Each structure stands twice: as C-alpha cells, then as structure tokens.
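Here is the structure we will look at.
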Amino acid sequence: MAGDGKQPAVWLVDGLQLKEELIDLPVEQRLKAMRALSRPLTAGCCASVVPISHLDDMLLALEFIFWMGCLFAPFVAAAASIYALWYKQLLIFWTCLIVMFTCVEKRTKDRWPRGPPTGNLERYLRYLSWRFIFEDPECYSERNYIFPVVPHGIFPASLFAMLLLVPRTPMRRIVAAQASITFGFPYWRQFSRWLGSCTVSQRDILQQLEFGLSVTTFMDGIHGMFAEPSPHTERVFVARKKGLVRIALRTGTPLVPCFCFGQSRLVHTGQDPFGLMMWLSRMVQVSLVLPVGRWFLPIPFRTPCTMVMGRPIPVERIPDGSDPDPARVDELHAELLTETAALFDRYKDVCGYGCMKIQFE
C-alpha cells in the first residue's frame with residue numbers, strides 16, 4: 001500500500017469489465033476482482049476504439065443531443081409560456097411549466113451506489129472506450145481524498161463515467177462538485193441528484209469531506225472549456241486555480257492528481273478570437289461556447305478516454321480557524337501540477353499521445 005515503502009503495481013482496467021455485480025461485494029473482494037481484471041501496460045494499448053453497434057451508436061448520438069438541448073430548455077420554456085398565455089394555448093403553457101418545474105424540483109433522490117435509472121452504462125463505456133489506470137489502487141479505499149481532474153473539455157463525459165464506475169471499485173465514495181448552474185437545467189439536475197453531486201462551492205466541498213467522502217471536480221473549471229488542444233500540446237488552464245489546494249490544507253485531505261486522456265478531444269470548441277465568450281462565461285458561471293462534434297453537431301467524437309489516477313500527495317492540516325499560508329499554497333499547488341505533468345508523461349505513450357507535451361497556463 002501507499003505507506004509501506006513499496007512502489008505499488010500499476011493497474012489498467014477496462015471499464016466494460018467492471019460489472020454491476022461488483023457493487024454488492026465487500027471492498028476486499030472488489031480489490032481482488034480488480035487485480036484479476038487488470039492487464040499489462042503496453043505502448044498504444046489504451047488508444048484503440050472499442051467496437052459498438054450502429055444502433056447503440058445512434059442511440060447515444062441522440063442522447064448527447066438531448067443533453068445539450070436541455071441547456072436551452074429553461075429559456076425556450078420561459079419564452080414559450082409567455083406566447084402560450086398571450087394566445088391562450090393551455091397545453092403549451094402547462095408543458096412549459098412542467099419543464100421549468102424540473103429545474104427546481106427536490107424529489108429526485110441520491111441513488112448511490114446504483115447509477116441513474118435512465119442510462120445504459122455499458123453502451124456509454126463502449127462509446128468512450130473507457131479505461132482506468134490506477135497507480136496506487138489499494139490505498140484509495142483507506143480514507144477520503146480530493147481528486148482534481150484535468151482537462152475539462154466541453155462535455156464532462158469522463159467524469160460521469162468515473163462516478164458511475166466508482167461503486168464497482170474498492171474506492172471510497174467520490175462526490176462530484178459541479179457548477180451550481182448545472183442544477184438549474186432539466187435532466188442535468190435529476191442526473192446530478194441521482195449521482196449525489198454537490199455544488200463546487202467551498203462550503204459544500206468541506207461538508208462532503210467532513211462526512212468522510214472523497215470529492216472530485218475539474219480543476220480547470222469553466223476555463224478548461226476554452227483550452228482547445230493543439231496537435232502537439234495539451235493546454236490546461238490551472239496555473240492560478242488554487243481553491244482545491246486551500247481546501248486540502250484546511251482539512252488535511254491528501255490530493256490525488258488525475259488526468260483523463262481523450263477528454264479534451266471529445267468535442268471541439270467554437271469560440272471568438274477576442275476572449276469575450278470566456279469573459280462572459282466566467283461572469284455568469286456557465287460555459288458560453290459552441291460545441292462542435294460529429295457531423296458538426298454537439299455529439300462527442302469516438303475518442304478513447306483513459307482516466308489515470310496518481311499516487312496521493314500527503315497534506316498536513318493547518319490549525320482550525322487559521323488561513324492557509326500563501327507560500328504553502330503555492331508550494332503545494334506547484335507539487336500538484338508537477339505530479340499531474342509527470343502522470344501525463346508516464347502514460348502518454350500508452351494512450352497514443354506520445355508526441356505531445358502538457359502545458360499549464
């Protein structure tokens with residue numbers, strides 16, 4: 001394990017091999033099952049696309065369009081309700097009210113460890129050719145951690161896949177911290193509540209850590225949606241993102257660097273050259289970008305995604321009531337970025353990114 005002085009073996013596990021029956025097993029048996037499912041790392045072994053039927057491909061394409069369409073639903077419903085009232089179209093009016101109600105309802109409950117009842121996880125994993133690489137798999141169940149994930153990209157497909165698979169691994173429960181605005185869109189709200197997600201506010205993250213749960217979020221946030229990668233560079237906007245580091249120091253929670261290969265290439269970003277869309281996105285706390293995927297639609301490309309989880313970085317808790325020392329924040333932040341870059345360099349050949357380098361901005 002992490003603390004016995006030995007370098008633990010690295011495990012590569014295909015997401016499709018993590019079956020639902022693993023959820024009901026004790027942690028020790030899940031760990032044993034994952035050890036049996038792991039396979040050796042070889043150059044390019046995570047760069048292949050998993051076959052999928054044409055039917056499943058089309059069904060997921062429609063589902064992705066539905067996901068993106070839900071982001072416009074509240075605004076369309078509000079406008080349509082005014083029209084319906086003016087022209088006395090009661091059916092349209094009540095339909096609009098139902099849509100707007102789904103943006104605020106509180107009846108949807110946390111379904112952990114079961115996933116949302118509306119999706120087909122196996123089809124989703126096939127589409128993403130999803131894989132896990134664990135650098136220290138035996139330690140993740142020992143306590144709670146903070147998992148800062150990069151890069152964000154447009155659509156958080158890799159994070160959803162990770163959260164849905166965590167109950168099938170020996171890891172302690174991981175709660176996703178999302179932008180609060182995502183809880184205001186139909187289906188996004190229900191899906192997030194089924195997962196048991198919280199907002200990305202410091203208060204909510206601290207509360208989850210106090211409950212003994214792990215927390216994950218995209219470290220680059222909204223900025224990461226505008227980091228269009230070049231053929232030779234993976235750009236990650238985290239040079240000034242230190243919020244998670246401060247929370248780690250306040251709680252003494254170790255940080256686990258995570259990098260998801262393929263995430264930034266699922267959907268391309270259509271944006272203005274002046275940075276206006278990024279500025280507006282930060283102001284309203286929601287991404288104002290034009291997602292361009294397959295067939296020029298907001299449908300992710302079939303890019304293999306591999307989530308790499310590194311070894312925990314120990315963090316010493318500061319005294320209660322005190323503020324983190326800025327110098328210590330900078331030091332720990334630099335260590336986190338160094339370890340994230342090292343993760344990228346260690347596994348880029350495995351994931352088919354051998355000619356690339358990572359760049360923090």
Need the failing condition index for ALA334 against (1) of a type in the set (A, V, I, L, M, F, W, C); (2) touching a residue at least 60 places away in the same chain (Cβ under 8 Å); (3) out of contact with any Phe, Trp or Tyr (no Cβ under 9 Å at 6 or more places or on another chain), just the number.
(2)
Have a look at PRO116, PRO186 and point out the one that is surrounded by fewer than 24 Cβ atoms within 10 Å (Cβ to Cβ), touching a Pro at 6+ places or on another chain (Cβ under 8 Å) and either at pLDDT 90 or above or not charged (D, E, K, R) (or both).
PRO186
Can you pull out every residue in the range 189-204 that is within 19 Å of MET162 (Cα to Cα), open to solvent by less than 30 Å² (accessible area, probe 1.4 Å), part of a helix (DSSP H, G or I) and of a type outside the set (A, V, I, L, M, F, W, C)?
ARG189, GLN190, SER192
Filter the range 313-351 for residues that are small (Gly, Ala, Ser) and over 21 Å from the mean Cα position of the chain (by Cα); the one that is modelled with the lowest pLDDT is GLY321
Within the range 111-135, which residues are among the β-branched types (Val, Ile, Thr) and in a helix (DSSP H, G or I)?
none
Could you pull out the residue among GLU142, GLU138 that is out of contact with any Cys (no Cβ under 6 Å at 6 or more places or on another chain), more than 30 Å from GLY44 (Cα to Cα) and either touching a residue at least 40 places away in the same chain (Cβ under 8 Å) or not in a loop (DSSP other than H, G, I, E, B) (or both)?
GLU142
Which one is farthest from ARG172 (Cα to Cα), of the residues in the range 139-157 that are open to solvent by less than 10 Å² (accessible area, probe 1.4 Å) and not aromatic (Phe, Trp, Tyr)?
GLY153
Scan (1) at pLDDT 95 or above; (2) touching an Asp or Glu at 6+ places or on another chain (Cβ under 9 Å) for the single condition PHE237 breaks and write down its number.
(1)
Selected residue [within 23 Å of PRO113 (Cβ to Cβ), surrounded by fewer than 16 Cβ atoms within 10 Å (Cβ to Cβ) and among the hydrophobic types (A, V, I, L, M, F, W, C)] from VAL49, VAL13, VAL76, VAL27
VAL27
The residue that is nearest to THR251 (Cα to Cα), considering only those in the range 142-181 that are modelled with pLDDT of 90 or more and among the β-branched types (Val, Ile, Thr), is ILE146
Being modelled with pLDDT of 90 or more, over 23 Å from the mean Cα position of the chain (by Cα) and charged (D, E, K, R) is the filter here; which residues of the range 50-105 pass it?
GLU105
Please indicate, with yes or no, whether at least one residue in the range 229-241 is over 28 Å from PRO170 (Cβ atoms), of a type in the set (Phe, Trp, Tyr) and touching a Gly at 6+ places or on another chain (Cβ under 9 Å).
yes
THR216: farther than 21 Å from ALA179 by Cα and either assigned to a helix (DSSP H, G or I) or modelled with pLDDT of 95 or more (or both), yes or no?
no
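The values are calculated or read from the model by the stated rules, or taken from the named source; none is laboratory data. If you're wondering where the values come from, they're calculated on a predicted model, not measured in any experiment. Don't worry about glycine lacking a Cβ; one is built from the backbone with ideal geometry, like all the others, and counts go over all protein chains shown. Areas reflect the complete protein model, heavy atoms only, side chains present, ligands, DNA and RNA absent. Shrake-Rupley method; radii C 1.70, N 1.55, O 1.52, S 1.80 Å.
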